[in-house]
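Let me begin by presenting the structure, written as structure tokens, before commenting on it.
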Amino acid sequence: MKKKRTMWMLSCLAMILLWACSGKHLKPGVDADEQGHTAPTPETIQANAAVLGDLPFHDQQDFNDARRGFIAGENPLVVKNEAEVVFDQKAYAFIQGPAPASVNPSLWRQAQLNNIHGLFEVTEGIYQLRGFDLANLTLIQGNTGWIVVDPLTTRETAAQALALARRHLGDRSVSAVIFTHSHVDHFGGVLGILTPEETTARHVRIIAPKGFMLEATSENILAGPTMIRRADYMYGRELARSVRGHVDSGLGKQPAMGKVGILNPTDLVDGTPQEMIIDGVTFIFQSVPESEAPAEFTFYLPEKKAFCGAEMVSRQMHNLYTLRGAKVRNALAWSNYIDEALQLFGRAEIYFGTHHWPIWGNERIVTFLKQQRDTYKFIHDQTLRLAHSGYTPLEIADQLQMPASLRGVFSSREYYGTLRHNARAVYQYYYGWFDGNPANLNPLPPVEAAQRYIEYMGGAEAVLSKARASFEKGDYRWVAEIVNKLVFADPANTAARALLASTYDQLGYQSESGPWRDVYLTGAFELRHGGPENGFDLSRSRELLKQAPLERFFDAMATRLNGPKADGVQMTVNFIFTDLAETHVLNIENAVLHHRKGAPDPQADASVKLTHDLYLDMALGSVKIKDALFSDSLSLDGNIIDLVRFFALFDKPEKTFAIVTP
């Protein structure tokens, strides 16, 4: 074994040296690929080569597990709809052999594992479709049909995955659907396997955690425009799939980009342990709210001795804070839930999750669960220990190191979440954004601060000269910090933009985290090419948003009221939904929008009668408000000029706002 490990490392080092020789004298901007990403520098090559000696790359157990039980696949695996490619697994065919110098070898290994796709048997009666989307679709054989666990992100990917299973396992109907939690990659594809009409006609059970519908439909309505734009960075939407572009998200390859839907649950899980018999199969549920998702559960199949950890555990360090933006997660509760699972389901012989590949054997499963539990507990406890001594979030993040017993464990590595940003999340959870330093209480905004920094440092040319020298030394974190200020002080400075982009290239190449890599490289891409022309098409989510309570839309509408324009305005408008027999009264005063459900206000400035579908079309932008006002689908009591004035008080969200420039 020792000889085999030595030979493997020598082979990888030889490949790295070839890359090093080919890039020895490279400068920023030299030898760029089609998207402008520069070659790895000697410092990056050296940093990535060093990773090979830090981790047990010779251990092939994960690869054996990821391939175990393979039944069939699709080559090439490409999912399309009538208009576009929704998901393209073949785009990652370049991920073979030793890691190139432009990819952290540890992330490359995770990318290779996530490339293994197809239909797999976990054990008799349990099957998984992996690699069709960001998450896994799991099939559990019931007495009358398939119990489907987490039907992926989109209608298209779920339908194609289930079609492959039916070709090889038999054309069984769907007897029940389980949504393990409220993130879209675990429920959005349900309409690809089951229609609402089928659900009603055949009394198909839909099992979900308590609070699922509220959480599943609300997050992106209130925070959506910002979250979706930042997700462009986190998942590298604009990046080429290449050795200098996007290679993996850590959690899976990438989210699919098709049509998203949802179905209302028929059964809710709100306790632990909670037993249900579903199509003849016994399930024991563990409720784990406010862990990886606001509404989530795991479950155990006692007849199979199989534990589904949902996304409470996975083959990586997860996010306590996600870079796309979301509420910070409770690290201590998360760790305690994993410990509870150990006590409840610690006799499991099979583990499978809603991402990645299974584990077989009780001893290995118990070890894995303990390592996952202690990963989050360590980050939580050590962050607070250092905070108690007065260390700030940045100081804590910069000095924390995982213990030796976890550092070499691949399933605790930083493929998705990272120790640095998770430590800052723990600090934020308890103490918020302020670190206690008065200088950080009311700092100058970014552009004004940047202009003054550059002036104090002797002007743009002086800063650029010093930054180039630091770049040559491989001091990329510092170069990014200072040249970012130069770009914000003068966005038209092309030399500064080029240097900052080259710096982001190197930071991306060295990142073990898929999202960190994508954030850096997307920043580099947009510095060179500008932001995207079009934002995310919300109409893809129409079937999902149709199930959201109207109150959430009016909450979101309130966040778009332009305060300065509304200052001094007092208006009341009744929205009467003719197909729902429901009225919502909207009132503006003190530059704030309030809404209530109830009887229409007889003193309102205007009353609008419309259907839910028309309102949804207006909210999604597929029908312009001015067109709706003059259409036959809407009727108005009151002055149309008042209604136009009302709608003019609301901003339209900017889907493609700048991030790496002012």
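Quick check on packing: order 378-385, 418-425 by the mean number of other C-beta atoms within 10 Å, highest mean leading.
So the order, starting with the most tightly packed, is 418-425, 378-385.
No solvent, one uniform scatterer per C-alpha: report log10 I(q)/I(0) for the range 524-566 via the Debye equation at q = 0.14, 0.18, 0.22, 0.30 1/Å, two decimals.
-0.62, -0.79, -0.84, -1.01
Could you sort out which of K90/K259; K80/K253; K210/K652; K259/K624 sit more than 28 Å apart by Cα distance in this structure?
As for pairs spanning more than 28 Å Cα to Cα, those are K210/K652.
Please sort 356-362, 134-140 by packing, taking for each peptide the average over its residues of neighbouring beta carbons within 10 angstrom, highest first.
Per-residue Cβ counts within 10 Å, averaged per peptide and sorted highest first, yield 134-140, 356-362.
If I model a spin label as a point 7 Å beyond the Cα along the Cα-Cβ vector, how far apart are those points for D637 and H529 in nm?
5.4 nm
Would you mind working out the magnitude of the charge dipole of the range 320-419 relative to its Cα centre, with +1 at each Lys and Arg C-beta and -1 at each Asp and Glu C-beta, to the nearest 20 Debye?
Computed charge dipole of the range 320-419: roughly 160 debye.
Near the amide H of F70, under 5 Å away, which other amide H atoms are found, from residues 5 or more places off or on another chain, if H is placed in the peptide plane?
E121
Using the Karplus equation 6.51 cos²θ - 1.76 cosθ + 1.60 (θ = phi - 60°), what ³J(HN,Hα) coupling, rounded to whole Hz, does each residue of the range 287-295 give in order, writing x for Gly and Pro?
Working through the residues one at a time gives 7, 10, x, 6, 9, 6, 9, x, 10 Hz.
Sum up the charges of everything whose Cβ sits under 9 Å from the Cβ of I116, counting Lys and Arg as +1 and Asp and Glu as -1, but leave I116 out.
Counting the neighbours of I116, the net charge comes to +2.
Using a 10 Å cut-off on Cβ atoms, rank the peptides 39-45, 335-341, 651-657 from the highest mean neighbour count down.
Taking the mean over residues of other Cβ atoms within 10 Å, the ranking is 39-45, 335-341, 651-657.
Farthest toward the dipole's positive end in the range 549-647, which of F646, L634, G568, given Cβ charges of +1 (Lys, Arg) and -1 (Asp, Glu) about the Cα centre?
G568
State the answer as a single residue: which of H318, V260, I116 lies farthest towards the positive end of the charge dipole of the range 2-419, with beta carbon charges of +1 for Lys and Arg and -1 for Asp and Glu, about the Cα centre.
Farthest along the dipole direction, towards plus: I116.
Per Stokes-Einstein, at 20 °C and 1.002 mPa s, what whole-number D in µm² s⁻¹ belongs to the chain, with the Kirkwood radius over Cα pairs as the hydrodynamic radius?
Value of D from the Cα-based Kirkwood radius: 80 µm²/s.
With charges only on Cβ, +1 for K and R and -1 for D and E, what is the dipole size of the range 549-647 about its Cα centre, in debye, rounded to 20?
240 debye
Would you work out the charge dipole size for the chain about its Cα centre, treating the Cβ of every Lys and Arg as +1 and the Cβ of every Asp and Glu as -1, and quote it to the nearest 20 debye?
Rounded to the nearest 20 debye, it is 1800 debye.
How would T38, T578 line up from fewest to most surrounding beta-carbon atoms within 10 angstrom?
Exposure proxy ranking, most exposed first: T578, T38.
Would you work out if the range 549-647 is rounded, prolate or oblate? Take a ≥ b ≥ c from the square roots of the eigenvalues of the alpha-carbon gyration tensor; rounded if a/c is under 1.5, else prolate when a/b is larger than b/c, oblate otherwise.
Note, shape of the range 549-647 comes out rounded.
Values quoted throughout were computed directly from the atomic coordinates according to the rules given, and no laboratory measurement underlies them. What you see is a predicted model; the values in this text were computed from it and never measured. Ideal geometry is used to build each Cβ from the backbone, glycine not excepted, and the neighbour counts take in all protein chains shown.
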